[in-house]
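Peer 1: Quick one: structure below, then a few questions.
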Amino acid sequence: MIYSRALFQELTQQLSEAYPMEEAEAISYRLLSHYLEVERMDVILNKAITQTFDFSAVMKRLLALEPIQYVLGQEEFMNMTLDVGKGVLIPRPETEELVQWIIAENTVSNPKILDIGTGSGCIPIALAKNIQGSEVTSLDVSLDALSIAQKNAQKNEATVDFIYHDIFDDYDWKGSFDIIVSNPPYVRESEKIMMRANVLNYEPASALFVPDSDPLVFYRRIMQLATTLLSENGKLYFEMNEAFTDEMIDMSFKIGFESMILKEDFMSKDRFFLIKRTNKENFKC
């Protein structure tokens, strides 16, 4: 007979060779829940485990610092379970904050929404499910990401129009959008030194990093697109690098936008940037 507390302690001890104890415990709980349907309270009560599972292959991947989300093949986001794989960025809590902000702020009936850089599809799917009557379009330059995002939309019963498109190329857009949102790459190459191996070695670099010589390249392009794609009184939302607050504000003014809001994340870092289109803009691009 195997008891849940003993198995939990065994997994945690192995994981502690590569992870801080608190993280090792959190991963152990996820493993028990995913593979054996053993929850935290079961461990506390030391319930007997009737099923069996060989964790050796899973532990090998985790001890090589492969993210738990890729090992399990999924991540939770806005009360949804999303498939994730090495071709897409793992959804972060900060991005969930961004989506919650957009949902809470929306006052438009049946808004047209454009998401740029779909990844796992977490942003467009959550918006489609939580904003009634919304018409959501989402772009990505990665076919792998689009494939995963489409599966996630189907699994979560969300209607999203996914498009393969590079925003630096021309496109024949039909109409305008009430909301545009993007969580583009924003980590500078020089910041790699501060990042953990499980991110550097496994998550797609193209979804994370930008050159130090032009770290706002995606924001500039999206702002330029928004001058024609954003409807009157429309809103443009970004997740951003907190190191470039002043530069984001300055670039917005230079392009011609007049109204901006900066918002902190749960870590009190400048993380979200909102541009509101008014009838005062005199665009310069």
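Peer 1: Given the range 134-249, what strands (runs of 3 or more DSSP E) lie entirely inside it while holding 3 or more residues that are surrounded by 16 or more Cβ atoms within 10 Å (Cβ to Cβ) and either modelled with pLDDT of 95 or more or not assigned by TED's automatic domain parsing to the domain that holds Arg271 (or both)? Don't jump to the end; show me each part of the working.
Peer 2: Details: elements: 135-140, 160-164, 177-182, 230-239.
Because the criterion is at least 3 residues that are surrounded by 16 or more Cβ atoms within 10 Å (Cβ to Cβ) and either modelled with pLDDT of 95 or more or not assigned by TED's automatic domain parsing to the domain that holds Arg271 (or both), the strands (runs of 3 or more DSSP E) in the range 134-249 that meet it are 135-140, 177-182, 230-239.
Peer 1: Within the range 104-115, count every residue that is within 16 Å of the chain's Cα centre (by Cα) and surrounded by fewer than 24 Cβ atoms within 10 Å (Cβ to Cβ). Spell out how you get there, then give the answer.
Peer 2: Just the residues of the range 104-115 that are within 16 Å of the chain's Cα centre (by Cα), to begin with: 114-115.
Filter again for surrounded by fewer than 24 Cβ atoms within 10 Å (Cβ to Cβ), leaving none.
Looking only at that region, the number is 0.
Peer 1: Only one of Lys60, Lys86 is under 24 Å from Asn156 (Cβ atoms), surrounded by fewer than 19 Cβ atoms within 10 Å (Cβ to Cβ) and among the charged types (D, E, K, R); which? Steps first, answer last, please.
Peer 2: Values: Lys60 fails: under 24 Å from Asn156 (Cβ atoms).
Only one candidate qualifies: Lys86.
Peer 1: Can you find even one residue in the range 251-269 that is touching a helix residue (DSSP H, G or I) at 6+ places or on another chain (Cβ under 6 Å) and closer than 28 Å to Gly87 by Cα?
Peer 2: yes
Yes/no matrix, rows are residues, columns are (1) within 30 Å of Gly73 (Cβ to Cβ); (2) without any contact (Cβ under 8 Å) to a residue 12 or more places away in the chain:
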residue: Asn183; (1), (2): yes, no
residue: Tyr202; (1), (2): yes, no
residue: Ala205; (1), (2): yes, yes
residue: Phe209; (1), (2): yes, no
residue: Thr227; (1), (2): no, no
residue: Tyr237; (1), (2): yes, no
residue: Glu247; (1), (2): no, no
residue: Phe257; (1), (2): no, no
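Peer 1: Run Trp101 past the list (1) more than 24 Å from Glu203 (Cα to Cα); (2) assigned to a loop (DSSP other than H, G, I, E, B); (3) of a type outside the set (Asp, Glu); (4) modelled with pLDDT of 95 or more and report the number of the one that doesn't hold.
Peer 2: Failed condition: (2).
Peer 1: Select from the range 28-43 the residues that are part of a helix (DSSP H, G or I) and buried (at least 19 other Cβ atoms within 10 Å of the Cβ) and list them in ascending order.
Peer 2: Filtering the range 28-43 down to residues part of a helix (DSSP H, G or I) leaves 28-36, 40-43.
Listed by number, the residues that qualify are Ser28, Leu31, Leu32, Asp42, Val43.
Peer 1: Right, another one. Go through (1) surrounded by 15 or more Cβ atoms within 10 Å (Cβ to Cβ); (2) within 23 Å of Cys122 (Cα to Cα) and name the single condition Gly73 misses.
Peer 2: Of (1) surrounded by 15 or more Cβ atoms within 10 Å (Cβ to Cβ); (2) within 23 Å of Cys122 (Cα to Cα), only one is false for Gly73: (1).
Peer 1: Taking Tyr3 as meeting all but one of (1) modelled with pLDDT of 95 or more; (2) of a type in the set (Ser, Thr, Tyr); (3) surrounded by 14 or more Cβ atoms within 10 Å (Cβ to Cβ), write down the number of the exception.
Peer 2: If we test Tyr3 against (1) modelled with pLDDT of 95 or more; (2) of a type in the set (Ser, Thr, Tyr); (3) surrounded by 14 or more Cβ atoms within 10 Å (Cβ to Cβ), just (1) comes out false.
Peer 1: What is the residue count in the range 257-271 for residues that are under 27 Å from Tyr171 (Cβ atoms) and surrounded by 15 or more Cβ atoms within 10 Å (Cβ to Cβ)? Spell out how you get there, then give the answer.
Peer 2: Kept after step one, since they are under 27 Å from Tyr171 (Cβ atoms), are these residues of the range 257-271: 257-260.
Checking which are surrounded by 15 or more Cβ atoms within 10 Å (Cβ to Cβ) leaves us with 257.
Residues that pass the stated criteria total 1.
The values are calculated or read from the model by the stated rules, or taken from the named source; none is laboratory data. Only a predicted model underlies this, so the values are computations on that prediction, with no experimental measurement involved. Backbone-built Cβ (ideal geometry, glycine too); neighbour counts: all protein chains shown.
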